[in-house]
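S.K.: Can you keep this structure in mind? I'll have questions shortly.
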Amino acid sequence: MKIMVAVKRVIDYAVKIRVKADKSGVETQNVKMSMNPFCEIALEEALRIKEAGLASEVVAVTMGPKQSIDTLRTGLAMGADRGIHVEATGDLFPLAVAKLFKALVEIEKPGLIILGKQAIDNDCNQTGQMVAGLLGWPQGTFASKVVLDKEKQEVMVDREVDGGLETVCLNLPAVITTDLRLNQPRYATLPNIMKAKSKPVKKYTPEELNVATKSDLEVVEVTEPPKRKAGVLVSSVDELIDKLKNEAHVI
Ligand code: AMP
């Protein structure tokens, strides 16, 4: 069984985000970019399934500009067998990404697709659900535990839901999206980074996959959140209680 894993290139989680002067988006020029953290978890899970002898190949897929190849190479250095890069410029919204995944699934025929639960740049949390919807496959979103049964061709997924865990059993082929507690992703070692350079990467354009990426969604404006007011240091508990009572009116 082949596992397809989504790996998105996003602004590194540790970078302080700056909004562009014209409010059309956030600054990405000269900013450190990395693999979306939830995608690292997705790839780690796919690699563990393969290492347990339950899958034959892990294919990492990225969609985005030329530079997305770096994210793919990171995925290959972590252990993916090969990569697919759908090179596309401009904003790619979840529905377009999901349609591109569907087109690739028709070519690659994976038994399982693992995506991050959300991309930390747009926080959409939609793509995995849309991929499952377009393919008509079962989905286990926000996974914190994944147990695959090769004989029965099913996968048990513990989902992190409000107030606890929900366990769902999905028939393969299926779509899983990963939550934070599923695993601790591995680091790519130097020898593996070198090896990744010679692993195969197939390139497509959206046109070759017959997918129109133009969205009917338009980002109108991106603005920074309002600045927080400076705090006040109080000298005693009595003063604190007085301020809470008479200034903030919260007690
Ligand atoms: P989103 O719905 O945009 O929050 O993204 C959810 C997940 O879909 C991400 O964590 C990725 O695994 C996958 N994904 C979204 N956009 C892309 C992309 N351009 N390339 C590869 N994977 C993507």
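The values are calculated or read from the model by the stated rules, or taken from the named source; none is laboratory data. What you see is a predicted model; the values in this text were computed from it and never measured. Virtual Cβ from ideal backbone geometry, glycine too; neighbours counted across all protein chains shown. Accessible surface is based on the protein model in full, side chains and every heavy atom, while ligands, DNA and RNA are left aside. Shrake-Rupley method; radii C 1.70, N 1.55, O 1.52, S 1.80 Å.
S.K.: Out of (1) out of contact with any helix residue (DSSP H, G or I) (no Cβ under 8 Å at 6 or more places or on another chain); (2) part of a loop (DSSP other than H, G, I, E, B); (3) more than 23 Å from S68 (Cα to Cα); (4) open to solvent by 100 Å² or more (accessible area, probe 1.4 Å), what's the single condition that is false for K245?
M.R.: Answer for K245: the failing condition is (2).
Matching residues to (1) within 30 Å of C124 (Cα to Cα); (2) within 23 Å of the chain's Cα centre (by Cα):
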residue: L217; (1), (2): yes, yes
residue: V220; (1), (2): yes, no
residue: P225; (1), (2): yes, no
residue: R228; (1), (2): yes, no
residue: V234; (1), (2): no, no
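S.K.: Here is a follow-up. Just one of the numbered conditions (1) open to solvent by less than 10 Å² (accessible area, probe 1.4 Å); (2) touching a strand residue (DSSP E or B) at 6+ places or on another chain (Cβ under 8 Å); (3) acidic (D, E) is not true of E27; which one?
M.R.: (1)
S.K.: Right, next: For the list (1) in contact with a strand residue (DSSP E or B) (Cβ under 6 Å, 6 or more places away or on another chain); (2) open to solvent by 40 Å² or more (accessible area, probe 1.4 Å), I need the number of the one condition that L233 fails.
M.R.: L233 satisfies every listed condition except (1).
S.K.: Something else about it: When you go through V105, V97 one by one, which is the residue that is among the β-branched types (V, I, T), within 13 Å of the ligand (Cβ to nearest atom) and in a helix (DSSP H, G or I)? Before the answer, list the steps.
M.R.: Details: V105 fails: within 13 Å of the ligand (Cβ to nearest atom).
Going through V105, V97 in turn, just one is among the β-branched types (V, I, T), within 13 Å of the ligand (Cβ to nearest atom) and in a helix (DSSP H, G or I): V97.
S.K.: Okay, next question. Kindly list, by first and then second residue, each pair from a residue in region 117-143 that is under 20 Å from D162 (Cα atoms) to a residue that is near the ligand (Cβ under 8 Å from one of its atoms) and open to solvent by 60 Å² or more (accessible area, probe 1.4 Å), limited to pairs with Cβ atoms under 9 Å and residues at least 6 apart or on different chains.
M.R.: Q118/Q126
S.K.: Could you tell me which of the residues I113, I84 is touching an Asp or Glu at 6+ places or on another chain (Cβ under 8 Å), open to solvent by less than 50 Å² (accessible area, probe 1.4 Å) and among the β-branched types (V, I, T)?
M.R.: Numbers: I113 fails: touching an Asp or Glu at 6+ places or on another chain (Cβ under 8 Å).
Among I113, I84, only I84 is touching an Asp or Glu at 6+ places or on another chain (Cβ under 8 Å), open to solvent by less than 50 Å² (accessible area, probe 1.4 Å) and among the β-branched types (V, I, T).
S.K.: Looking at (1) of a type in the set (K, R); (2) outside any helix (DSSP H, G or I); (3) surrounded by 13 or more Cβ atoms within 10 Å (Cβ to Cβ), which one does K214 not meet, given that it meets all the others?
M.R.: Only one criterion in (1) of a type in the set (K, R); (2) outside any helix (DSSP H, G or I); (3) surrounded by 13 or more Cβ atoms within 10 Å (Cβ to Cβ) is unmet by K214, namely (3).
S.K.: Under 8 Å between Cβ atoms, at least 6 apart or on separate chains: pull out the pairs that start in region 204-219 with a residue that is among the polar types (S, T, N, Q) and end on any residue that is part of a strand (DSSP E or B).
M.R.: If the second residue must be part of a strand (DSSP E or B), the pairs left are T205/V86; T205/E87.
S.K.: Condition test on K66, is it open to solvent by 20 Å² or more (accessible area, probe 1.4 Å), in a loop (DSSP other than H, G, I, E, B), modelled with pLDDT of 95 or more and of a type in the set (D, E, K, R)? Please lay out each step first, then the result.
M.R.: On the way: open to solvent by 20 Å² or more (accessible area, probe 1.4 Å): yes; in a loop (DSSP other than H, G, I, E, B): yes; modelled with pLDDT of 95 or more: yes; of a type in the set (D, E, K, R): yes.
Yes.
S.K.: Before we move on, is L134 touching a strand residue (DSSP E or B) at 6+ places or on another chain (Cβ under 6 Å) and not polar (S, T, N, Q)?
M.R.: Details: touching a strand residue (DSSP E or B) at 6+ places or on another chain (Cβ under 6 Å): no; not polar (S, T, N, Q): yes.
When the stated conditions are applied, L134 does not pass them.
S.K.: Of all residues in region 118-171, which are within 16 Å of the ligand (Cβ to nearest atom), assigned to a loop (DSSP other than H, G, I, E, B) and either open to solvent by 70 Å² or more (accessible area, probe 1.4 Å) or more than 22 Å from L100 (Cα to Cα) (or both)?
M.R.: If the condition is that a residue be within 16 Å of the ligand (Cβ to nearest atom), assigned to a loop (DSSP other than H, G, I, E, B) and either open to solvent by 70 Å² or more (accessible area, probe 1.4 Å) or more than 22 Å from L100 (Cα to Cα) (or both), then D121, D123, Q126 are the ones that fit.
S.K.: Let me ask you something else. Within region 18-59, can you find the residues that are at pLDDT below 95 and within 16 Å of the ligand (Cβ to nearest atom)?
M.R.: If the condition is that a residue be at pLDDT below 95 and within 16 Å of the ligand (Cβ to nearest atom), then G25, V26, T28 are the ones that fit.
S.K.: Looking only at region 60-82, how many residues end up being closer than 19 Å to V105 by Cα, hydroxyl-bearing (S, T, Y) and more than 12 Å from the ligand (Cβ to nearest atom)?
M.R.: Looking only at that region, the number is 0.
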